[in-house]
Each structure stands twice: as C-alpha cells, then as structure tokens.
1. Report whether or not ALA228 is touching a Gly at 6+ places or on another chain (Cβ under 7 Å) and under 21 Å from VAL265 (Cβ atoms).
2. Under the condition of being at pLDDT below 95 and of a type outside the set (A, V, I, L, M, F, W, C), which residue from segment 137-163 is farthest from TRP279 (Cα to Cα)?
3. Got at least one residue in segment 39-52 being assigned to a strand (DSSP E or B), under 30 Å from TRP183 (Cα atoms), in contact with a helix residue (DSSP H, G or I) (Cβ under 6 Å, 6 or more places away or on another chain) and touching a residue at least 12 places away in the same chain (Cβ under 8 Å)?
4. crowded, with 20+ Cβ neighbours inside 10 Å and either within 23 Å of GLY102 (Cα to Cα) or modelled with pLDDT under 95 (or both): is that true of VAL132 in this structure?
5. Consider segment 88-120. How many of its residues are assigned to a strand (DSSP E or B) and either surrounded by fewer than 24 Cβ atoms within 10 Å (Cβ to Cβ) or over 11 Å from the mean Cα position of the chain (by Cα) (or both)?
6. Would you please list the contacts, defined by Cβ atoms under 6 Å and residues six or more apart or on different chains, that run from a residue in segment 74-87 that is without any contact (Cβ under 8 Å) to a residue 60 or more places away in the chain to a residue that is in a helix (DSSP H, G or I) and surrounded by fewer than 17 Cβ atoms within 10 Å (Cβ to Cβ)?
7. Which of (1) in contact with a strand residue (DSSP E or B) (Cβ under 6 Å, 6 or more places away or on another chain); (2) surrounded by fewer than 22 Cβ atoms within 10 Å (Cβ to Cβ); (3) among the hydrophobic types (A, V, I, L, M, F, W, C) does LEU197 not meet, given it meets every other one?
8. Which fully enclosed strands (runs of 3 or more DSSP E) of segment 165-266 have 1 or more residues being within 15 Å of GLY286 (Cα to Cα) and of a type in the set (Asp, Glu)?
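The values are calculated or read from the model by the stated rules, or taken from the named source; none is laboratory data. For clarity, every value in this text was computed on a predicted model and none was experimentally measured. Neighbour counts run over all protein chains shown; Cβ positions are idealised from the backbone, glycine included.
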Amino acid sequence: MNLEDEPAHRRNYALQLLAKAGIDKNDRLLVAFARVAREDYVGPPPWIFDDFYSDGYRPVASTDPIVLYQDVLVGLDTEKGINNGSPSLHAGAFGAFNIREGETVVHMGAGAGYYTAIMAELVGPSGRVIGVEYDTALAARAKANLAAYDNVEIVQGDASDWPKQEADVIYANFALDHPPEAWIENLAPNGRLIFPLGIPAVQNSRRTGFTRHAAYLMIDRQARGFGARFIQIVSFIWGESGKPVPEGRHAGLEGAFRARGLRKVKSLRWKTPPKGEEWYGEEDWGLSFDEP
C-alpha cells in the first residue's frame with residue numbers, strides 16, 4: 001500500500017481527514033481513504049451536499065468529482081435523510097478501531113458502500129467485510145458498487161439480527177438507545193464495537209428520524225469483561241425498531257446525557273446485576289464507571 005500511487009486530490013483529501021480526526025500517523029488508513037473513489041458510491045451528478053452551514057441540502061454547481069473530496073455529507077436519499085456521512089467522523093472511528101489485515105468486520109447500515117469499501121481495503125484479501133443494509137434500494141446499490149471486492153458480502157436485512165458469527169469489528173452507522181444482544185454476544189475476543197448511543201428527536205409528538213442526544217460508544221471485549229468509552233458527541237439518523245422501548249429508557253438516557261459524565265464511563269455491564277455507580281443502567285446492561 002503506497003500513498004504516492006494514488007491521485008493527488010485523493011492523497012490531500014486523506015491527509016486532511018486524518019488531521020481533522022486527530023490521527024497523527026496511520027499510513028494504512030491514509031492509503032485506504034486515498035484509494036477508494038468516492039464518486040463511485042454517491043451516484044452521478046448533480047450531487048447534493050449538507051455542509052451544516054446551509055439551510056438543509058443544496059445542489060453542487062459542479063460535475064467534477066474533485067468537489068467530493070472535502071469533509072462534507074453527500075445526500076443519498078434526501079427524503080429519508082440518508083447521507084454518505086462526514087468523512088472525518090468515520091476516519092476517527094476507523095482510527096479508534098485500528099482495523100487489522102485478516103479481520104472480520106460487520107458494517108451495520110452500509111448505505112451505498114463507500115465506508116464498507118474503505119474497511120475492505122483495511123482488512124485486505126485475507127479479511128472479510130459483511131455490509132448489512134435495511135433499505136432494499138441502498139443494499140442493491142452497495143452490492144453493485146462493491147462487486148469488485150471479493151472480500152465483501154452485502155446482505156439486506158435488520159442489522160439487529162447480525163452478525164451471525166463472531167466478528168472482530170462491528171460498526172453501526174445509525175443510532176440506537178441500547179446495544180443489541182447479537183452485537184455483544186458475537187463480539188470476538190479483543191473485538192471492538194462502535195455505534196451511536198442516544199435517543200430520538202421528537203417534534204410535534206412525532207420522531208424526526210434523527211437523534212436528539214447521541215454519542216459514539218466504543219465497546220471492546222476483554223478477558224475480564226467489556227470495556228466501554230464514549231468517543232465523541234454525534235448527530236445521526238435514528239435506527240427504527242419494531243421492538244417496544246422499555247418504560248423510562250429514553251427519559252433515563254436523556255437525564256444521563258444532561259448530567260454529563262460521559263468521560264467517566266469505563267465498562268459495559270452485560271447480563272449481570274449492577275454493583276457500582278453507572279452513567280446509565282437497566283436490569284441486563286449498564287455503562288459503569290468501574291473498570292471491567
């Protein structure tokens with residue numbers, strides 16, 4: 001993997017993303033971002049940006065793919081609020097994962113497959129990436145976009161039912177108010193999970209489809225239990241579920257976010273009774289201030 005083999009605009013893009021994400025040196029991640037062509041995953045122009053400064057989405061007055069190589073969200077399905085999200089945000093997550101060659105990665109909410117492709121570059125030919133996408137049209141797009149990757153499998157389905165077997169890395173690109181059982185139970189020894197934990201935004205008594213409060217939560221499986229830490233505050237599309245929400249969960253999580261204390265979280269309590277001070281907890285799980 002050689003950064004100098006990639007086009008100059010993609011090299012500069014990768015360098016800027018890692019700098020913004022606070023990643024001092026990660027040559028493999030630099031090359032992965034520089035190697036994958038973003039225009040292959042966001043559809044043909046006209047492209048639509050959401051750069052936080054404009055009032056919602058706006059069309060881009062260019063058909064030159066070079067405009068895609070900046071830290072902006074590109075709309076994939078604007079009616080549903082589905083984007084090819086902020087590259088520096090994902091770079092930060094990949095830096096925290098430290099994905100290694102030969103590992104098995106499961107990407108929940110793969111969208112059109114751009115970040116799935118970057119993880120496929122990181123695991124290499126000896127690794128495996130499974131992309132799970134609920135939206136039928138997006139799953140079909142991802143499958144077509146990633147056809148050249150022999151180490152990638154795309155499945156259409158409910159991400160809470162995956163992975164089916166142990167995975168070294170699980171990465172979710174939608175927010176939930178709890179860690180799904182399959183994600184925790186199938187996390188391999190020394191495996192890592194990142195997902196946005198939060199609560200949905202509500203307007204006029206209806207959910208908006210996005211988060212009100214959320215933060216990237218990283219969980220890692222250790223010999224003595226599960227480590228846990230919050231990486232950063234985020235805003236994400238909300239992952240709808242047909243399962244009922246336990247009474248008091250959202251109010252409890254909102255209180256926890258308002259009380260701060262995210263930096264004190266050190267471990268995930270899983271299917272054991274609570275025994276110490278927790279940022280938030282329920283009967284079967286909690287985020288504890290104690291070491292694993």
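1. Here the answer is no, as ALA228 does not meet what is asked.
2. If we take residues in segment 137-163 being at pLDDT below 95 and of a type outside the set (A, V, I, L, M, F, W, C), then GLY157 is farthest from TRP279 (Cα to Cα).
3. Looking through segment 39-52, none of the residues is assigned to a strand (DSSP E or B), under 30 Å from TRP183 (Cα atoms), in contact with a helix residue (DSSP H, G or I) (Cβ under 6 Å, 6 or more places away or on another chain) and touching a residue at least 12 places away in the same chain (Cβ under 8 Å).
4. Yes.
5. Narrowing segment 88-120 to residues assigned to a strand (DSSP E or B): 104-108.
Still in the list and also either surrounded by fewer than 24 Cβ atoms within 10 Å (Cβ to Cβ) or over 11 Å from the mean Cα position of the chain (by Cα) (or both): 104-105.
Of the residues in that region, 2 qualify.
6. none
7. Only one criterion is unmet by LEU197, namely (2).
8. 206-222
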